[in-house]
1. I'd like the full set of residues that are open to solvent by 30 Å² or more (accessible area, probe 1.4 Å), touching a Leu at 6+ places or on another chain (Cβ under 7 Å) and over 22 Å from Val33 (Cβ atoms), limited to the range 150-178.
2. Look through the range 198-215, keep the residues that are open to solvent by 30 Å² or more (accessible area, probe 1.4 Å) and at pLDDT 90 or above, and return whichever of them is nearest to Ile17 (Cα to Cα).
3. What number goes with the only condition from (1) open to solvent by 50 Å² or more (accessible area, probe 1.4 Å); (2) modelled with pLDDT under 95; (3) in a helix (DSSP H, G or I) that Gly101 does not pass?
4. Residues that are crowded, with 18+ Cβ neighbours inside 10 Å and at pLDDT below 90: does the range 179-197 have at least one?
5. Working carefully through the options Ala248, Ala232, Ala220, find the one that is closer than 17 Å to Phe192 by Cβ, modelled with pLDDT under 90 and surrounded by 13 or more Cβ atoms within 10 Å (Cβ to Cβ).
6. Find the residue count for the range 37-75, including only residues that are among the hydrophobic types (A, V, I, L, M, F, W, C) and either surrounded by fewer than 17 Cβ atoms within 10 Å (Cβ to Cβ) or in a helix (DSSP H, G or I) (or both).
7. For the condition closer than 30 Å to Ile193 by Cβ and assigned to a strand (DSSP E or B), what is the one hit in Val12, Val34?
Amino acid sequence: AAQAKTNSQVAVARGKIDVEGGLLELTSAAPGVVQQLLIKEGQTVQKGQVVMQLDDASSRADLAVAESEFQLAQTRLKARQERLPMLKTTLTRWQAAAKQGAADLQNVDEAMQAVRAAQSEADIAAAETNVAKRKVEQLRALQQRHELRAPEAATVVRMAAHVGSMVQPGSNIAVLLPQRPLIVRAEVNESFIASIREGMKAQVVTDGDGSAAKLEFPSATVQRISPVYGVARLQDDTQRGPVRVVEAVLVFDQSPVNAKVGQNVRVSFHE
């Protein structure tokens, strides 16, 4: 930061402190009544941690029935498959007896039909077992939708649901601040675009109303510059109308202390 001050200033821009990717909004994947909320504002959560549980009594009952049907289908399939070896053995014996003249062809045909019928029943039982298995897998997947987990390590910023509330798919449950490095999104006026480049150093200070002392953060480096123009959200020209800007994203050279997401800052770019 001290070295940046000694270098010549080539551009100034307003910006905001942000986190790469932005805040995370946790939404419900299924409709239902909130049974448990296992987090609170200000709490730190880890990746995969359960944060909410919907009432799943109905889905658990459906799953129990499906699992029973699957077990029944498996038992039926096993019984059908166990008949086949015996019937095939009988057919082989009748065929051997017919060749020796000890049995007629009608006995062979009846044994062959019995094998075919048993094989058909076993195939049907196998298909039914497969359908029952897929139904169990489907209901288990649906039940998991009643449980909401944190996608990554983060801090709970705000809660938007409470125990007993009815939620729909897409309903906001909580807002999380992911544990990623902070960045600065600076709005560079179009007149300064030619003066900045990736890798350039910058000084970042708070941009208040003047009533409070400015807080200086560690020096930052321009990581990337947007290839498109946009309309400024942090600055405006009442005479000329909306200001056209290009967003420059900066990363801090060291982790800033007391910096908060959404904080307004002023960025000075230096050669």
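1. Within the range 150-178, Pro151, Thr155, Val157, Leu177 meet the criteria.
2. Here the answer is Gln203.
3. Condition (3) is where Gly101 drops out.
4. For the range 179-197, residues crowded, with 18+ Cβ neighbours inside 10 Å and at pLDDT below 90: absent.
5. Going through Ala248, Ala232, Ala220 in turn, just one is closer than 17 Å to Phe192 by Cβ, modelled with pLDDT under 90 and surrounded by 13 or more Cβ atoms within 10 Å (Cβ to Cβ): Ala232.
6. Of the residues in that region, 11 qualify.
7. Checking each option against the conditions leaves just Val12.
Yes/no matrix, rows are residues, columns are (1) under 30 Å from Val45 (Cα atoms); (2) touching a residue at least 40 places away in the same chain (Cβ under 8 Å); (3) exposed (fewer than 15 other Cβ atoms within 10 Å of the Cβ):
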{"position": "Leu91", "(1), (2), (3)": "no, no, no"}
{"position": "Ala96", "(1), (2), (3)": "no, no, yes"}
{"position": "Glu110", "(1), (2), (3)": "no, no, yes"}
{"position": "Gln119", "(1), (2), (3)": "no, no, no"}
{"position": "Asp123", "(1), (2), (3)": "no, no, yes"}
{"position": "Thr129", "(1), (2), (3)": "no, yes, no"}
{"position": "Val136", "(1), (2), (3)": "no, yes, no"}
{"position": "Leu142", "(1), (2), (3)": "yes, yes, no"}
{"position": "Leu148", "(1), (2), (3)": "yes, yes, no"}
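The values are calculated or read from the model by the stated rules, or taken from the named source; none is laboratory data. All values derive from a computational prediction rather than experimental measurement. We place every Cβ from the backbone using ideal geometry, glycine too, and count neighbours over all the protein chains shown. These accessible areas exclude ligands, DNA and RNA; they are computed on the full protein's heavy atoms, side chains included. Shrake-Rupley method; radii C 1.70, N 1.55, O 1.52, S 1.80 Å.
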